[in-house]
Amino acid sequence: MPTEVAAKTSRSKTADTLADKLARLGITRDEDLVLHLPLRYEDHTRVVTLADVRVGETVQTEGDVVSTEIQYRPRRQLVCLLRDPRSEGASLVLRFFSFYPSHQKSLQPGLRVRVFGDVRDGYFGPEIVHAQFKVVNEATPLPDRLTPVYPTTAGLAQETLRKVIDRVIAADASRTSESLPEALVRKRSLWKFGDAVRFLHAPPPRLTGLVQKALDARTHPAWTRLKFDELLAQQLSLKAHRQARASRRAPVLTGTGALTRKLLERVPFKLTRAQQRVWREISHDLRRTMPMQRLLQGDVGSGKTIVAALAALQAIESGRQVAFMAPTEILAEQHYRKLQAWLGDLGIEIAWLSGSLPAKARRKAQEAIASGTAAFAVGTHALFQEGVGMPHLGLAIIDEQHRFGVAQRLALRDKGLADAHQLMMSATPIPRTLAMTFYADLDVSVLDEMPPGRTPVSTRLVSQKRRTEIIQWIGKACREGRQVYWVCPLIEESEKLELQTAVALHAELTRAFGDDVADAESSVAAQRIAVGLLHGRMKPDAKAATMAAFVRGDLQVLVATTVIEVGVDVPNASIMVIEHAERFGLAQLHQLRGRVGRGATESTCVLLFEEPLTDTARQRLKVIYETTDGFEIARQDLLIRGPGEFLGARQSGVPLLRFADIERDVALIEQARDAADELLRTEPAAAERHLERWLGGKQEFIKA
Ligand code: ADP
Ligand code: MG
């Protein structure tokens, strides 16, 4: 009895670990195994005789083991010599730098082994390092299909994966059955699903060069079918999400126009045509019962804030509350001040909420919000943490939405925000292909026109070696009345180190400009250059005071960590210096550069870089130097980084594409989009089946 129990537990234990390992690959169901497709193939269908083995080729060959021994020079390794009695004199060395005792045991002299690997030129003739091998005899059959190599994880052998996948495909025909209506498949000349997966898991050998190439490049019709299916599932789930939204009811915010008219009268500018158009789109959405989910996209400086304020006023005119959230304290505070200035005397109470507010002030603000006396709440995401309910919420505005994480967005959903209208704003443009895929559930408005009177920023790339020169030039510019942001290097590993660097830079510049004054003592032009410091560890009050001093012009230079990256607006600042620009991402560089060029003075962005540059860093600096167009920069960014990273936080909320490539498969994306509409209209049951196969239990995520 005990042995049986032991056997049972050990069996279930190994089964467990296999399941665990598969789960690490995202495989939890049989369906997932079918969709776990090979990275590439090896041809094990042919055996080359030892005499025909050529250096530089990938081959399968056979030979008899002559000797197997562990050698220690230059380092510990297992060396096995093969010879083939039928091809006289021909030999092959197998070399293993990492090996188990079992390797040595299997490679017993006298045994015949079949080996596979890349042949290189060794000290004693041809050799294979870390060859795949197995002991064979005359009767051991050769496979008649190409051997798939799958993405795998530590401790999960290819052999095991192949077996479980084979078994699942063979065991149950429904796993490879067609999920789509025949007409839809035929109309697009697609392969049948079953044919495609069977082909991809076990392609026949000796394909023609062209077909082999298509298989490797994933342009083969079998791949096309799988990519199409994947894109279709994505489109379907996005549409399902949208339908769910359409069935919910948000407050209808008709507005009266009384407040929006007043705001437009008092701002010292006229809306650009783009702002007018976008404002109309939003205003229209707010009057509907379907909760708005609109992304307002506009390059840095395009004037998104005023549009948001107008939307807010329409909600307030309709007797509802508005929440306005920004990702950083500085930005939230700036919005608060701007809104105060714009709306303060229109009889609208604005509550200010941030994570670091003293408890008492915070409670007061929360009460004003909860009782509804404050129609407007502005703050960081602390706004929606524990205990801040807005009973009459009509509209939530989320600035710089790409900076909010998934967790925060989920929290927003849980706070009952799902039934309010949502306006998200972002300066990071979404390339067209991404808009068609990952963002297809959102409506998008684009501000494609800059307010008049802006002067383009000129960008200079300067090596650290010329730092002194730059400091002198900045000193001169400051005495001419210009103001400067000086951004500290980004140190991702350590906030503490970043802080130290900021303090050191502040000291360096203070000293440099102080000496400057001493030198120029006699000159009339001598004017003190005040250098301020702004970093993430400062108390909000201190931050605000420093920002205010910079806005007033009491500070000429503002040394800052990347806390100023998003949204800060000081029109008189016309020079931006970025230290170690090579460490920043493209989007960040673009955002930082966007802090200048907001006034009438010609602006300059100096990118200080340290050599040597990595290839990617060089690529990034080249892009930022050559273009100021946010869309082009985003497109390049997508090319350099790929969609996974580009999407950042949003990525973890939406299933990423495994097979389709959003740049290369644009045509397929369009087809999938049309097919999704067709399917939902004509065969909703098939749409469901298809979603089930591709997303299974993961559909919930999509709602983030
Ligand atoms: P962003 O889109 O980057 O958030 P902001 O809303 O901060 O841009 O606007 C940038 C600056 O442009 C602000 O100082 C704002 O007052 C000003 N602005 C906005 N719209 C116009 C306009 N139509 N004409 C002139 N200036 C404008
Ligand atoms: Mg902004």
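The values are calculated or read from the model by the stated rules, or taken from the named source; none is laboratory data. Remember, it's a predicted structure, so these values are computed and weren't measured experimentally. All Cβ positions, even for glycine, are placed from backbone atoms using ideal geometry, and neighbour counts span all protein chains on display. Heavy atoms of the whole protein, side chains included, go into the accessibility calculation; ligands, DNA and RNA do not. Shrake-Rupley method; radii C 1.70, N 1.55, O 1.52, S 1.80 Å.
Shape of region 246-314 from its Cα gyration tensor (a ≥ b ≥ c, root eigenvalues): rounded if a/c is under 1.5, otherwise prolate when a/b > b/c, or oblate?
Oblate, since a/c reaches 1.5 and b/c is not below a/b.
Which whole-Hz ³J(HN,Hα) couplings does region 614-621 yield from phi under the Karplus relation 6.51 cos²θ - 1.76 cosθ + 1.60, θ = phi - 60°, glycine and proline marked x?
Running phi through 6.51 cos²θ - 1.76 cosθ + 1.60 with θ = phi - 60° gives 6, 4, 5, 4, 4, 4, 4, 5 Hz.
Cross-link list Lys105/Lys134; Lys21/Lys134; Lys134/Lys213: which exceed 18 angstrom alpha carbon to alpha carbon? Intermediate values should be presented prior to the final figure.
Values: Lys105/Lys134 12 Å; Lys21/Lys134 25 Å; Lys134/Lys213 29 Å.
Listed pairs above 18 Å: Lys21/Lys134; Lys134/Lys213.
Please report the antiparallel percentage of the DSSP beta bridges confined to the chain, to the nearest 5. Let's see the in-between values first.
Values: 31 of 86 bridges.
If we restrict to bridges inside the chain, about 35 percent are antiparallel.
Distance between the C-alpha centers of region 87-102 and region 471-490? Whole Å please.
Between the Cα centre of region 87-102 and that of region 471-490, the gap is 65 Å.
Relative to the Cα centre, what is the charge dipole magnitude of the chain, using +1 at the beta carbon of each Lys and Arg, -1 at the beta carbon of each Asp and Glu, and rounding to the nearest 20 debye?
On the way: 96 positive and 85 negative charges, 211 e Å.
I would put it at about 1020 debye.
What pairs from Lys465/Lys543; Lys476/Lys543; Lys239/Lys622; Lys360/Lys543 go past 30 Å between their alpha carbons? Can you show the working numbers first?
Values: Lys465/Lys543 32 Å; Lys476/Lys543 27 Å; Lys239/Lys622 39 Å; Lys360/Lys543 20 Å.
Beyond 30 Å: Lys465/Lys543; Lys239/Lys622.
Nearest 10 degrees is fine. How inclined is helix 540-552 to the longest principal axis of the chain, computing both from alpha carbons?
Here the helix axis deviates by roughly 60 degrees.
Rank Val322, Val93, Leu447 by how far each Cα sits towards the positive end of the charge dipole of the chain (+1 on Lys, Arg Cβ; -1 on Asp, Glu Cβ) and give me just the farthest.
Comparing the listed Cα positions along the dipole, Val322 ranks first.
Helix 684-695 versus the longest principal axis of the chain: what angle, 0 to 90°, nearest 10, using Cα atoms?
Once rounded, the angle reads 80 degrees.
With unit charges on the beta carbons (Lys and Arg positive, Asp and Glu negative) and the dipole taken about the Cα centre of the chain, which residue among Gln671, Ala173, Ala377 sits farthest to the positive side?
Farthest towards the positive end: Ala377.
Relative to the longest principal axis of the chain, what angle (0 to 90°, nearest 10) does the C-alpha long axis of helix 467-479 take?
So the inclination is approximately 20 degrees.
Would you check the accessible area of Ile529, probe 1.4 Å, heavy atoms only, in square angstrom rounded to 10?
20
What number do you get for region 258-379 when its Cα radius of gyration is normalised by 2.2 N^0.38 Å, N = residues?
The value comes to 1.07.
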